[in-house]
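Enquirer: The structure is given below, and queries will be raised subsequently.
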Amino acid sequence: MNSAHRIQELRTQIRHHDFLYYVEARPEISDREYDALLCELENLEREHPDLITPDSPTQRVSGEPIGTFETVTHRTPMLSLANTYSREEVEDFDARVRKGLETDAVEYVCELKVDGVAMSLVYENGHLVRAVTRGDGERGDVVTQNVRTIRAIPLVLGNGESGMGNGESGRLEVRGEIYMLDADFQLLNQAMEESGEKPYANARNTTAGTLKQKDAREVAKRTLQFTAYWLEESSEQRGVSSEQRTHFDNVQRLKDLGFPTGRDVRLCRNIDEVMAYINEWDSRRDTLPFQIDGVVIKVNNLRQQDELGSVARSPRWAIAYKYEAKKAQTVLRDITLQVGRTGVVTPVAELEPTLLAGSTISRATLHNEDYIKDLDLRIGDTVVIEKGGDVIPKVSAVVIEQRPAHALPWHFPTTCPCSHQSPLHRPDGEANHYCTHGACPWQVKRRLEHFAARDAMDIDGLGEKAIEQFVEAGLLQTVADIYDLGAKQDEILRLDRWAPKSVERLLNGIEASKSQPFERVLYALGIRFVGEGVAKVLARAFRNVDALAEASKEALTNVHEIGDRIAESVVEFFEDASERSIVDRLREAGLHFAKDDGDVATDDFAGMTFVLTGELETMTRREASELIEARGGKVSGSVSKKTTYVVAGAAAGSKLEKAKDLGIEVLDETAFKAML
Ligand code: IVH
């Protein structure tokens with residue numbers, strides 16, 4: 001098959017899998033298989049740059065960073081919805097609609113009101129040409145480059161299952177909501193906090209902020225979703241007379257065109273059915289993986305919609321029913337400090353206990369100094385607490401009118417709340433304060449807790465309470481002391497609530513933890529910025545602790561996914577003599593500090609970059625790429641100084657020349673296979 005043909009085929013396949021994944025949520029292939037398709041397409045396009053088209057799945061991130069966003073006028077204004085809060089108000093809406101239309105023959109469609117950012121997408125001849133924010137409703141910002149990175153949004157129309165929509169001609173506009181899944185929001189915020197940056201308030205703000213990024217590559221790093229709820233195309237395009245057109249059909253049509261649509265778009269014949277929908281989702285909204293703030297109720301018939309028209313900035317044919325916000329007011333009694341295992345000091349709001357969305361809240365994180373300053377939070381203030389995408393409640397605002405007369409601004413304490421009272425330090429450019437005293441009992445406890453936790457060494461019997469007791473009794477100071485507890489059974493038995501049986505369980509738990517694999521041990525050590533994922537990458541790349549301990553910052557950053565921040569932290573950790581002695585003691589205790597020989601095959605190529613050129617005889621280029629990646633290597637499309645090997649098959653051309661110029665080692669197929 002020639003390349004042009006294969007490129008077309010790959011694009012169609014990738015679009016189909018995008019549709020299954022993002023729209024239907026029923027992927028048929030693994031992420032790995034998907035990546036292999038994309039990789040093959042990228043490689044082919046690199047070889048044939050003349051065949052690259054803007055709508056290729058590889059071209060989602062394109063163009064230079066934007067200076068300022070261009071503003072354009074919406075062909076049809078983007079309206080907002082009037083809000084209702086009760087059945088009576090919904091009944092009033094229904095009465096107004098029927099009066100306005102002079103008929104009782106009205107059907108409604110109910111949809112979830114996703115809490116995100118409205119977006120208008122314009123397609124010409126089936127291609128996405130423009131994405132525009134709502135702006136003031138009349139004019140919005142052009143954010144096409146950013147929106148193109150969202151994989152749920154088709155760049156070309158017509159990958160829907162029914163096969164309709166292929167070869168769309170003319171202009172077509174789709175509107176919908178761009179939003180973030182709660183899980184993605186939480187991951188992002190965790191990363192922000194870990195790196196000492198200010199966390200985002202909620203998923204909606206994060207989405208809005210992301211869409212206003214000047215560099216589309218930054219947007220591509222975030223996972224944004226889309227749901228379409230509005231379609232405008234001429235009747236000729238549809239071949240259906242306007243009399244019969246309905247919103248419900250439009251939603252089906254959007255689906256056929258390849259767009260994700262609402263999770264539960266329901267046709268309702270009367271207000272009882274509308275209320276049933278509202279009540280059903282009020283009780284089920286917590287089961288959704290994203291935030292909704294209500295339900296949208298729309299007149300189904302499009303001719304009736306036209307007839308009703310709009311008043312001020314809102315349509316007369318639709319309203320929003322808003323759910324009660326998960327908010328409450330309470331009094332801030334105090335601000336205390338919590339010390340984490342890496343010494344990060346987090347301020348915590350101590351609140352007058354209050355009920356919020358079914359649970360009693362008495363504490364909430366305040367993240368860092370800036371968060372408190374931005375809110376101008378003072379002890380004694382009445383505050384608004386909120387439960388959003390986070391399961392954890394947060395303080396979102398101050399009720400200034402209720403501020404006590406003498407409330408003073410709060411200042412970050414200068415010393416650690418622990419018994420050592422060591423000075424706190426806020427590094428330049430960071431939002432976090434740190435307690436730099438390694439023996440701070442709070443840090444010691446957090447480190448032990450982290451080490452013994454289920455996702456780390458998983459030591460049965462060594463929970464928070466036991467750790468607290470052991471630290472107080474002087475039995476534990478570092479994680480290495482855990483493996484000496486066997487010799488201290490008598491002392492343990494003298495502590496409260498300990499009996500021979502529970503001691504036996506603890507010692508069995510400790511013994512069992514010795515079989516945890518290297519990556520778990522590495523994660524359990526609690527090196528700053530080395531989470532579970534990073535620990536796996538490091539274990540794969542360096543295979544044993546000695547190699548890792550000797551690795552320079554450069555060697556570390558050469559590993560895919562390891563950046564400066566992580567590399568510096570790893571180097572710092574192993575430069576610390578006390579940390580090294582802990583590692584030595586743990587090794588003596590019998591913990592795994594090397595990858596099993598069994599998985600040798602998985603990382604031989606770590607840190608290496610291969611370039612494939614020419615035709616290989618015994619495997620396709622894609623297979624070769626997979627074999628390299630399975631061993632932790634990278635495959636690149638162009639030869640540079642960073643290239644480790646060029647694998648040259650028959651009829652290799654300019655890349656081979658370049659490799660020779662740069663003095664890069666060239667492997668023929670036999671040599672390559674020997675390496676494998
Ligand atoms: S229809 C004229 N449907 O709510 C009607 N809007 O206040 C236009 N929204 O700006 C909107 N889910 O950002 C509609 N299923 C849905 C929606 C929805 C969320 C947002 C949208 C709009 C705002 C209206």
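Enquirer: Condition (residue is farther than 27 Å from LYS465 by Cα and free of Cβ contacts under 8 Å to residues at least 24 places away in the same chain) applied to segment 363-372: is it met by at least one residue?
Expert: No, there is no match, as no residue in segment 363-372 is farther than 27 Å from LYS465 by Cα and free of Cβ contacts under 8 Å to residues at least 24 places away in the same chain.
Enquirer: Which one of GLU88, GLU107 is over 33 Å from the mean Cα position of the chain (by Cα), closer than 20 Å to PHE248 by Cα and open to solvent by 40 Å² or more (accessible area, probe 1.4 Å)?
Expert: Among GLU88, GLU107, only GLU107 is over 33 Å from the mean Cα position of the chain (by Cα), closer than 20 Å to PHE248 by Cα and open to solvent by 40 Å² or more (accessible area, probe 1.4 Å).
Enquirer: May I pose another question? Can you work out which of the residues in segment 280-310 that are outside any helix (DSSP H, G or I) and either among the aromatic types (Phe, Trp, Tyr) or away from the ligand (no atom under 12 Å from the Cβ) (or both) is surrounded by the fewest Cβ atoms within 10 Å (Cβ to Cβ)?
Expert: Among those residues, the one meeting the criterion is PRO289.
Enquirer: Hey, another quick one. In segment 180-190, is there at least one residue being in contact with a strand residue (DSSP E or B) (Cβ under 9 Å, 6 or more places away or on another chain), within 16 Å of the ligand (Cβ to nearest atom) and at pLDDT 90 or above?
Expert: Yes; the residues of segment 180-190 include at least one that is in contact with a strand residue (DSSP E or B) (Cβ under 9 Å, 6 or more places away or on another chain), within 16 Å of the ligand (Cβ to nearest atom) and at pLDDT 90 or above.
Enquirer: Which of the following residues is of a type outside the set (Phe, Trp, Tyr), within 16 Å of the ligand (Cβ to nearest atom) and more than 18 Å from THR261 (Cα to Cα): ARG98, ARG130, ARG139?
Expert: ARG139 is the lone residue from the list that is of a type outside the set (Phe, Trp, Tyr), within 16 Å of the ligand (Cβ to nearest atom) and more than 18 Å from THR261 (Cα to Cα).
Enquirer: What are the pairs, 6+ residues apart or on separate chains, where a residue within segment 276-295 that is modelled with pLDDT of 95 or more has its Cβ under 6 Å from a residue that is within 12 Å of the ligand (Cβ to nearest atom)?
Expert: TYR277/CYS110; TYR277/ARG266; ILE278/VAL295; ILE278/TYR321; VAL295/CYS110; VAL295/LYS113; VAL295/TYR321
Enquirer: Looking at segment 1-35 only, could you name the residues that are among the aromatic types (Phe, Trp, Tyr) and either modelled with pLDDT under 85 or closer than 18 Å to GLY258 by Cα (or both)? Write out each step before concluding.
Expert: Here is the first cut: in segment 1-35, the residues among the aromatic types (Phe, Trp, Tyr) are 19, 21-22, 34.
Within segment 1-35, PHE19, TYR21, TYR22 qualify.
Enquirer: A further question follows. May I ask you to list the residues in segment 380-431 that are touching a residue at least 24 places away in the same chain (Cβ under 8 Å), under 30 Å from ASP286 (Cα atoms) and among the small types (Gly, Ala, Ser)?
Expert: Those that are touching a residue at least 24 places away in the same chain (Cβ under 8 Å), under 30 Å from ASP286 (Cα atoms) and among the small types (Gly, Ala, Ser): GLY388, GLY389, SER396.
Residues are listed down the side, and each one gets a yes or a no for (1) within 26 Å of VAL559 (Cβ to Cβ); (2) small (Gly, Ala, Ser); (3) in contact with a Leu (Cβ under 8 Å, 6 or more places away or on another chain):
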{"site": "THR609", "(1), (2), (3)": "yes, no, no"}
{"site": "ARG621", "(1), (2), (3)": "yes, no, yes"}
{"site": "LYS641", "(1), (2), (3)": "yes, no, yes"}
{"site": "GLY663", "(1), (2), (3)": "yes, yes, no"}
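Enquirer: Can I ask one more? Within segment 516-528, does at least one residue satisfy the condition of being assigned to a helix (DSSP H, G or I), open to solvent by 70 Å² or more (accessible area, probe 1.4 Å), closer than 16 Å to ILE482 by Cβ and in contact with a helix residue (DSSP H, G or I) (Cβ under 8 Å, 6 or more places away or on another chain)?
Expert: There is at least one residue in segment 516-528 that is assigned to a helix (DSSP H, G or I), open to solvent by 70 Å² or more (accessible area, probe 1.4 Å), closer than 16 Å to ILE482 by Cβ and in contact with a helix residue (DSSP H, G or I) (Cβ under 8 Å, 6 or more places away or on another chain).
Enquirer: Between residues in segment 298-315 that are touching a residue at least 40 places away in the same chain (Cβ under 8 Å) and residues that are within 12 Å of the ligand (Cβ to nearest atom) and open to solvent by 80 Å² or more (accessible area, probe 1.4 Å), which pairs lie under 7 Å by C-beta distance while being six or more apart or on different chains?
Expert: LEU308/ARG316; SER310/ARG316
Enquirer: Further question on the same structure: Before we move on, is GLN489 open to solvent by less than 40 Å² (accessible area, probe 1.4 Å) and without any contact (Cβ under 8 Å) to a residue 60 or more places away in the chain?
Expert: For GLN489, the condition - open to solvent by less than 40 Å² (accessible area, probe 1.4 Å) and without any contact (Cβ under 8 Å) to a residue 60 or more places away in the chain - is not met.
Enquirer: Checking the conditions here, which among GLU197, GLU236, GLU232 is over 26 Å from HIS74 (Cβ atoms) and either within 16 Å of the ligand (Cβ to nearest atom) or at pLDDT below 85 (or both)?
Expert: Exactly one residue qualifies, and that residue is GLU197.
Enquirer: Go over the candidates VAL646, VAL639 one by one and state the one that is modelled with pLDDT under 90, closer than 30 Å to ASN43 by Cα and within 37 Å of the chain's Cα centre (by Cα).
Expert: VAL639
Enquirer: Specify which of the listed residues (ARG60, ARG87, ARG46, ARG11) is in contact (Cβ under 8 Å) with a residue 40 or more places away in the chain, touching a Gly at 6+ places or on another chain (Cβ under 6 Å) and basic (Lys, Arg).
Expert: On inspection, the qualifying residue turns out to be ARG46.
Enquirer: Provide a single number: the residues in segment 318-345 that are within 16 Å of the ligand (Cβ to nearest atom), at pLDDT 90 or above and open to solvent by 40 Å² or more (accessible area, probe 1.4 Å).
Expert: In the first step, residues of segment 318-345 are kept if they are within 16 Å of the ligand (Cβ to nearest atom); the result is 318-323, 325.
Add one more test, that the residue is at pLDDT 90 or above, and what stays is 318-322.
So of that shortlist, the ones also open to solvent by 40 Å² or more (accessible area, probe 1.4 Å) come out as 322.
Qualifying residue count for the region: 1.
Enquirer: Here are some conditions: (1) more than 13 Å from LEU211 (Cβ to Cβ); (2) in a strand (DSSP E or B); (3) over 25 Å from the mean Cα position of the chain (by Cα). LYS113 meets all but one. Which one does it not meet?
Expert: The failed condition is (3).
Enquirer: Output the residue which, of all residues in segment 242-279 that are small (Gly, Ala, Ser) and either under 17 Å from VAL296 (Cβ atoms) or under 33 Å from the mean Cα position of the chain (by Cα) (or both), is most open to solvent (accessible area, probe 1.4 Å).
Expert: ALA276
Enquirer: Please enumerate the residues belonging to segment 101-127 that are away from the ligand (no atom under 16 Å from the Cβ), closer than 24 Å to THR246 by Cα and touching a residue at least 40 places away in the same chain (Cβ under 8 Å).
Expert: LEU101, VAL106, GLU107, VAL122, TYR123, GLU124, ASN125, GLY126
Enquirer: Considering only segment 153-179, how many residues are assigned to a loop (DSSP other than H, G, I, E, B) and at pLDDT 65 or above?
Expert: 7
Enquirer: Can you name every residue in segment 513-556 that is among the polar types (S, T, N, Q) and closer than 17 Å to ASP603 by Cβ?
Expert: Passing the criteria: only ASN544.
Enquirer: Given the options PHE574, PHE610, name the one that is within 30 Å of ALA624 (Cβ to Cβ), without any contact (Cβ under 8 Å) to a residue 60 or more places away in the chain and over 28 Å from the mean Cα position of the chain (by Cα).
Expert: Of PHE574, PHE610, the one residue that is within 30 Å of ALA624 (Cβ to Cβ), without any contact (Cβ under 8 Å) to a residue 60 or more places away in the chain and over 28 Å from the mean Cα position of the chain (by Cα) is PHE610.
Enquirer: Then there is this: How many residues does segment 346-365 contain that are open to solvent by less than 30 Å² (accessible area, probe 1.4 Å) and touching a Lys or Arg at 6+ places or on another chain (Cβ under 8 Å)?
Expert: The total comes to 5.
Enquirer: What are the pairs with Cβ atoms under 8 angstrom where one residue, in segment 222-234, is within 14 Å of LYS298 (Cβ to Cβ) and aliphatic (A, V, I, L, M) and the other, located anywhere, is away from the ligand (no atom under 16 Å from the Cβ) and open to solvent by 50 Å² or more (accessible area, probe 1.4 Å)? Sequence gap at least six, or different chains.
Expert: No pair meets every condition.
Enquirer: Restricting to segment 200-223, and then to whatever is within 14 Å of the ligand (Cβ to nearest atom) and modelled with pLDDT of 90 or more, can you tell me which residue is farthest from ILE372 (Cα to Cα)?
Expert: LEU211
Enquirer: Would you pick out the residues in segment 537-555 that are surrounded by 17 or more Cβ atoms within 10 Å (Cβ to Cβ) and more than 29 Å from the chain's Cα centre (by Cα)?
Expert: VAL545, ALA549, ALA551 - these are the residues of segment 537-555 that are surrounded by 17 or more Cβ atoms within 10 Å (Cβ to Cβ) and more than 29 Å from the chain's Cα centre (by Cα).
Enquirer: When only residues in segment 458-469 that are open to solvent by less than 40 Å² (accessible area, probe 1.4 Å) and touching a residue at least 24 places away in the same chain (Cβ under 8 Å) count, which is nearest to VAL521 (Cα to Cα)?
Expert: So the residue we want is ILE459.
Enquirer: Can you name every residue in segment 416-461 that is closer than 24 Å to LYS536 by Cα, touching an Asp or Glu at 6+ places or on another chain (Cβ under 9 Å) and at pLDDT 90 or above?
Expert: Those that are closer than 24 Å to LYS536 by Cα, touching an Asp or Glu at 6+ places or on another chain (Cβ under 9 Å) and at pLDDT 90 or above: LEU448, GLU449, ALA452, ALA456.
The values are calculated or read from the model by the stated rules, or taken from the named source; none is laboratory data. The model shown is predicted, which means the values in this text are computed figures rather than measured ones. When we count neighbours, we look across all protein chains shown, and the Cβ atoms used for this are built from the backbone with ideal geometry, even at glycine. The area values use the complete protein model at the heavy-atom level, side chains included, leaving out ligands, DNA and RNA. Shrake-Rupley method; radii C 1.70, N 1.55, O 1.52, S 1.80 Å.
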